[in-house]
Number of protein chains: 2
Amino acid sequence: MPGGEYFHRVDTAKYNQMPPAVKRLFTNSAGLAICFTTNSPVIKAKWTVTNSGRMGNMTGIAQKGLDLYIKRDGKWQFAGVGSPSGVSSEGVLVNNMGTEEKECLLYLPLYDELKSLEIGTTSDSYIRAGQNPFKNKIVIYGSSILQGASASRPGMAYSSRLSRSSGYNFINLGLSGNGKMEKEVADMVADIDADAFILDCIPNPSPTEITERAAEFVMTLRSKHPDTPIIVIQTLIREKGNFDQKVKKWVKQQNEAIARQIEILRKNDVKNLYFIKEDHFLGTDHEGSTDGVHPNDLGFDRMLQKYKPHLSKILKVKFDKE
Amino acid sequence: MPGGEYFHRVDTAKYNQMPPAVKRLFTNSAGLAICFTTNSPVIKAKWTVTNSGRMGNMTGIAQKGLDLYIKRDGKWQFAGVGSPSGVSSEGVLVNNMGTEEKECLLYLPLYDELKSLEIGTTSDSYIRAGQNPFKNKIVIYGSSILQGASASRPGMAYSSRLSRSSGYNFINLGLSGNGKMEKEVADMVADIDADAFILDCIPNPSPTEITERAAEFVMTLRSKHPDTPIIVIQTLIREKGNFDQKVKKWVKQQNEAIARQIEILRKNDVKNLYFIKEDHFLGTDHEGSTDGVHPNDLGFDRMLQKYKPHLSKILKVKFDKE
């Protein structure tokens, strides 16, 4: 979206009716990336974030750091990271390259507000603003899992992996603990000129909130986007529920509640509405999570192997193989 | 090993000739786990670590936290984690279970010294010391990658994954940045009554150090263990070297240096010496690392898919499929 603070995902002054926690989380730069080209053999960065504490289930690099990709043979390839040292950090992202022109994509912190960013190159090289390399707008609205917990670095958030592997712009509207489908958030999402909407928020609302809000959220999007595909995804099974019977039951109730709402919407003849059912998204060995709730990179990889065939079929998008 | 501080991997007073950095790292509880049985429906923990700073490429749970598995149908299954809140932490690892007897395995912090640990159960339940559930002793000597960077939680260190998936005791002698094959460390490793030795330390020594030390390290083990399998593994390719030509060259030189030493040892008729060559250990999409050096859980998973067929054949060990 145009407007608002530069590294915020949403102009929260414009959408100031959204809940305070949602507005705060939209100041986190999850999914945002800076595009530039340079012929410098070294790329450095200086950046500033807030003084928020380190999270237990995230690396510093993922929470407050940077993640650089460079295009090679038409594909985005990992080049290096910036590991944070506090509020202000400075570091070499990649060194000892040639002086050929490089197209760069620099992912920003997943779980912090980026206050400033400087990119450093050698004094005899050029650096130029790049263009958004991804086409269309596929908006994903979701939970902490979408925001990036617990990817190991910013570029491993699943929306960003989908973008790199398809060339389409999967937009990260993940809201840690707060993807609860409030009316004011639905109104904001509906304002986006999107080619598709994916709702992957079911981990956050209670079964009752799902029953009360899901149909209205979908219909708010539908009223402004009569033909745009809307894809709703059930929540992954929480590995905490392997032994915790309450957690297991809660997740089951969330998934039953959203299934019922989809059924009602379909009976009401809502078209272009798709539903992806939980299907061992994290695999079957129970090793795919960092903390029993959030996927680790292994879990995300398995989840994407489940998501991609659906997304490919619905959106007519082709994804790279590994 | 018997003796020494309870949560240290090695009795560093006994082996006080080892380099200071090595001794310090052996105080980290990487790979250690506590076995117990209880019928409590809730398991809590109170634990204390040092005031060392949070690492950029590790989660708090992996660096300073706890990771609980419970046996189900003969397999160890993830149950819950303890996320650290500072030097002293307290938390519920798992809740809302039944009152049946549970066999538990609690992994300790990968990158810190555990100073104290208390396990909490309900007052009307029992808790009993368990027995080491893993047979034999397969000692792995290695780098930060073995110590557990950048697994998402303690139980995801690769030695621990090998143990759970085979029933054999893969012992973690990973030394962050310090698996450099010094003579004094070789002497200590040779003292272990092991059924096999795996040397996965090649990321740490320089090519020159490999040339100077590898053959002697192997022969120190061989002199005390005439027939025990010794397996040497090349270093994985550093993803940092995708664009950094110096890093790429350095890793190539390390792998060439160890290959030459293995050749010399074989010419000298050293038996039961095995060599596993780098073979895209982290896959081919360059997404398997957290920071360009250390695997994320996706990278570890791919690495184990490469390691297992070799280890299975050499050690006659059977691993579970995913």
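Hey, among A:Val247, A:Val232, which residue is without any contact (Cβ under 8 Å) to a residue 60 or more places away in the chain, in contact with a strand residue (DSSP E or B) (Cβ under 6 Å, 6 or more places away or on another chain) and β-branched (Val, Ile, Thr)? Can you show your working first?
On the way: A:Val247 fails: in contact with a strand residue (DSSP E or B) (Cβ under 6 Å, 6 or more places away or on another chain).
Step by step, each of A:Val247, A:Val232 is checked, and only A:Val232 is without any contact (Cβ under 8 Å) to a residue 60 or more places away in the chain, in contact with a strand residue (DSSP E or B) (Cβ under 6 Å, 6 or more places away or on another chain) and β-branched (Val, Ile, Thr).
Being under 30 Å from A:Met55 (Cβ atoms) and of a type in the set (A, V, I, L, M, F, W, C) is a condition met by at least one residue of segment A:129-138.
Select from segment A:74-89 the residues that are more than 16 Å from A:Met156 (Cα to Cα) and surrounded by 16 or more Cβ atoms within 10 Å (Cβ to Cβ) and write down the one among them that is nearest to the chain's Cα centre (by Cα).
Of the residues in segment A:74-89, the ones more than 16 Å from A:Met156 (Cα to Cα) are A:74, A:84-89.
Of the ones still in play, those that are also surrounded by 16 or more Cβ atoms within 10 Å (Cβ to Cβ) are A:84, A:89.
Details: A:Pro84: 21, A:Ser89: 24 Å.
Here the answer is A:Pro84.
Inspection of segment A:170-180 identifies no residue that is among the aliphatic types (A, V, I, L, M) and in a helix (DSSP H, G or I). Checked against (1) out of contact with any helix residue (DSSP H, G or I) (no Cβ under 9 Å at 6 or more places or on another chain); (2) surrounded by fewer than 21 Cβ atoms within 10 Å (Cβ to Cβ); (3) of a type outside the set (Gly, Ala, Ser), A:Thr38 passes all but a single condition, namely (2). Of all residues in segment B:300-322, those being closer than 19 Å to B:Phe275 by Cα and not in a helix (DSSP H, G or I) number 2. Would you say B:Glu239 is assigned by TED's automatic domain parsing to the domain that holds B:Met181, among the acidic types (Asp, Glu) and surrounded by 15 or more Cβ atoms within 10 Å (Cβ to Cβ)? Taking the combined requirement at face value, the residue satisfies it.
Just checking, how many residues over segment A:242-267 are within 16 Å of A:Ser206 (Cα to Cα) and within 12 Å of chain B (Cβ to nearest Cβ)? Matching residues across segment A:242-267 total 5. Among the residues of segment B:145-165, those identified as over 13 Å from B:Pro109 (Cα atoms) and more than 14 Å from chain A (Cβ to nearest Cβ) are B:Leu146, B:Ser159. Residues in segment A:265-305 that are surrounded by 18 or more Cβ atoms within 10 Å (Cβ to Cβ) and among the basic types (Lys, Arg): A:Arg302 only. Pick out the one residue from A:Asn57, A:Asn16 that is over 22 Å from A:Ser125 (Cβ atoms), in contact with an Asp or Glu (Cβ under 8 Å, 6 or more places away or on another chain) and either outside the structural domain of A:Ala186 (by TED's automatic domain parsing) or surrounded by 16 or more Cβ atoms within 10 Å (Cβ to Cβ) (or both). Only one candidate passes the filter, namely A:Asn57. Whenever a residue of segment B:295-322 is within 9 Å of chain A (Cβ to nearest Cβ) and over 14 Å from B:Ile233 (Cα atoms), its partners that are aromatic (Phe, Trp, Tyr) and part of a helix (DSSP H, G or I), lying with C-beta atoms within less than 7 angstrom and at least six residues away or across chains, give the pairs B:Phe300/B:Tyr158.
Consider A:Tyr6 carefully, then state whether it is under 24 Å from B:Glu287 (Cβ atoms) and more than 9 Å from every other protein chain (Cβ to nearest Cβ).
On the way: under 24 Å from B:Glu287 (Cβ atoms): no; more than 9 Å from every other protein chain (Cβ to nearest Cβ): yes.
Judged against the criteria, A:Tyr6 is not a match.
Looking for something over 26 Å from B:Ala21 (Cβ atoms), in a loop (DSSP other than H, G, I, E, B) and assigned by TED's automatic domain parsing to the domain that holds B:Ile198 - is there at least one such residue anywhere in segment B:109-122? Spell out how you get there, then give the answer.
From segment B:109-122, those over 26 Å from B:Ala21 (Cβ atoms) are B:118-122; that's our starting set.
Checking which are in a loop (DSSP other than H, G, I, E, B) leaves us with B:121-122.
Next cut, assigned by TED's automatic domain parsing to the domain that holds B:Ile198 only: none.
Taking every residue of segment B:109-122 in turn, none turns out to be over 26 Å from B:Ala21 (Cβ atoms), in a loop (DSSP other than H, G, I, E, B) and assigned by TED's automatic domain parsing to the domain that holds B:Ile198.
Checked against (1) touching a Gly at 6+ places or on another chain (Cβ under 6 Å); (2) more than 12 Å from chain A (Cβ to nearest Cβ); (3) of a type outside the set (Phe, Trp, Tyr); (4) in contact (Cβ under 8 Å) with a residue 60 or more places away in the chain, B:Asp11 passes all but a single condition, namely (4).
Across segment A:268-293, the number of residues qualifying as more than 9 Å from chain B (Cβ to nearest Cβ) and not acidic (Asp, Glu) comes to 13.
Mind checking whether some residue in segment B:200-208 is farther than 21 Å from A:Asp67 by Cα, more than 14 Å from every other protein chain (Cβ to nearest Cβ) and in a helix (DSSP H, G or I)? Even if it seems obvious, please write down each step before you answer.
To start, the set of residues in segment B:200-208 that are farther than 21 Å from A:Asp67 by Cα comprises B:200-208.
Among the residues that remain, those that are also more than 14 Å from every other protein chain (Cβ to nearest Cβ) are: B:200-208.
Still in the list and also in a helix (DSSP H, G or I): B:207-208.
The answer is yes, given that some residue of segment B:200-208 is farther than 21 Å from A:Asp67 by Cα, more than 14 Å from every other protein chain (Cβ to nearest Cβ) and in a helix (DSSP H, G or I).
Restricting segment A:74-98 to residues that are in contact (Cβ under 8 Å) with a residue 60 or more places away in the chain and under 18 Å from A:Gly130 (Cα atoms), which is nearest to the other protein chains (Cβ to nearest Cβ)? Checked segment A:74-98; the qualifying residue nearest to the other protein chains (Cβ to nearest Cβ) is A:Phe78. Under the condition of being away from chain B (no Cβ under 14 Å) and either part of a helix (DSSP H, G or I) or among the basic types (Lys, Arg) (or both), the residues counted in segment A:213-241 number 12.
Scan A:Gly299, A:Gly283 and give me the residue that is out of contact with any Ser or Thr (no Cβ under 9 Å at 6 or more places or on another chain) and modelled with pLDDT of 95 or more.
Working: A:Gly299 fails: out of contact with any Ser or Thr (no Cβ under 9 Å at 6 or more places or on another chain).
Being out of contact with any Ser or Thr (no Cβ under 9 Å at 6 or more places or on another chain) and modelled with pLDDT of 95 or more holds for just one of A:Gly299, A:Gly283, which is A:Gly283.
Determine if segment B:266-282 includes at least one residue that is of a type outside the set (Asp, Glu), assigned to a helix (DSSP H, G or I) and out of contact with any strand residue (DSSP E or B) (no Cβ under 9 Å at 6 or more places or on another chain).
Yes, that holds for at least one residue.
Residues in segment B:99-117 that are among the hydrophobic types (A, V, I, L, M, F, W, C), within 13 Å of another protein chain (Cβ to nearest Cβ) and over 20 Å from the mean Cα position of the chain (by Cα): there are none. Scanning segment B:130-147 for residues that are in contact with a Phe, Trp or Tyr (Cβ under 8 Å, 6 or more places away or on another chain) and more than 26 Å from B:Thr38 (Cβ to Cβ) gives B:Asn136, B:Ile138, B:Val139, B:Ile140, B:Tyr141, B:Ile145, B:Leu146, B:Gln147. Taking segment B:30-73 and the strands (runs of 3 or more DSSP E) fully enclosed by it, the elements with 2 or more residues that are farther than 15 Å from B:Ser152 by Cα and at the interface with another protein chain (Cβ under 9 Å from one of its Cβ atoms) are at B:66-72.
The condition (being in a strand (DSSP E or B), β-branched (Val, Ile, Thr) and under 11 Å from the mean Cα position of the chain (by Cα)) is satisfied by just one residue among B:Val139, B:Val92: B:Val139.
The values are calculated or read from the model by the stated rules, or taken from the named source; none is laboratory data. Since the model is a prediction, treat every value here as computed from it, not as a measurement. Virtual Cβ from ideal backbone geometry, glycine too; neighbours counted across all protein chains shown.
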